[in-house]
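The structure appears right after this line, and notes come after that.
All of the numbers you see were taken from the coordinates with simple rules; none came from a lab. The model shown is predicted, which means the values in this text are computed figures rather than measured ones. With ideal geometry, Cβ positions are generated from the backbone for all residues, glycine too; neighbour counts draw on all protein chains shown.
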Amino acid sequence: MTAHPGGDPWRLIVDGPASGCRNMATDAALLWAAEAGEAPPTVRVYEWDGTWLSLGRFQAADRGVQVAECSRLGVRIVRRPTGGRGVLHGSDVTVTLCVPYAAVGVGGGSVASLNRWCGEALVQGLRGLVPAVEVGGVRYVGRGGDCFASATAADLCVGGAKLVGSAQRRGQAAALVQMSLMWRPPPVDPAALFGDAAPGRYPLSGVPRQALVGALLRGIEGSARMTLVHGCLTVRERAWAEAEEARGAFDPDAPMHPV
């Protein structure tokens, strides 16, 4: 990645396709390590081994999500370690940011300020691809289980339509932010899975994935004024993630627990 003067490097992890449970356990391990002071600020980009629907940490699987229809259509369900509503994965671009609050300065002070910091970072990267992208837009709240059927002043939008879904998990010293960017139309109509799905808009569908990811990472680098350096999970992070996955911590019916 391009060098920037100033801040210490952040770790960049780029993972290929994996199950929803493995992906969520890995993200939770990043927060566990950051809280323990064992890991630097980390950006993780990853893929899914098929079509998945992630539920928010406190979202009931039977509220706003057609579970039987998910099963019929082969959409697997997983529970995120972060809050919010359901997100359909597999044709999106998924980015996780795990940072000590000090690493983003005043941007880490609250849920809203960190959401805005992330939104502004992504806008900085995406402007060359979609000039109309902006933080904020028309606020609207849907009643169903679809994350993209609700928008706030801190969300990334194009023409008033939400482009990025974002959810957080805040610890004592660090925060985990999971972001899903609409890229290409999914193989399953979201309206079949959610009671109130947002109309699909995909202004980035013609952009190659590698170019899109590169733009997002440049935006994050520019906002944090640091360099992203490729890395991987530590031995302890990997062991923690594998143990949590093995015990079913992120199965949709599993009770969530503190990181």
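Mean Kyte-Doolittle of at least 0.0 plus a Cα span of 20 Å or more along the axis: flag which DSSP H helices in the chain meet both, please.
Values: long enough: 20-35 (23 Å, 0.25); 111-126 (22 Å, 0.52); 209-224 (23 Å, 0.47).
Sorted by number, the helices that extend far enough and score high enough are 20-35, 111-126, 209-224.
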Considering only the chain, percent of DSSP beta bridges that pair antiparallel, nearest 5: 70 percent
Rounded to the nearest 20 debye, dipole of region 10-246 from Cβ charges on Lys, Arg, Asp, Glu: 320 debye
Charge dipole magnitude, Cβ of K and R +1, D and E -1 - region 182-231, Cα centre, debye nearest 20: 220 debye
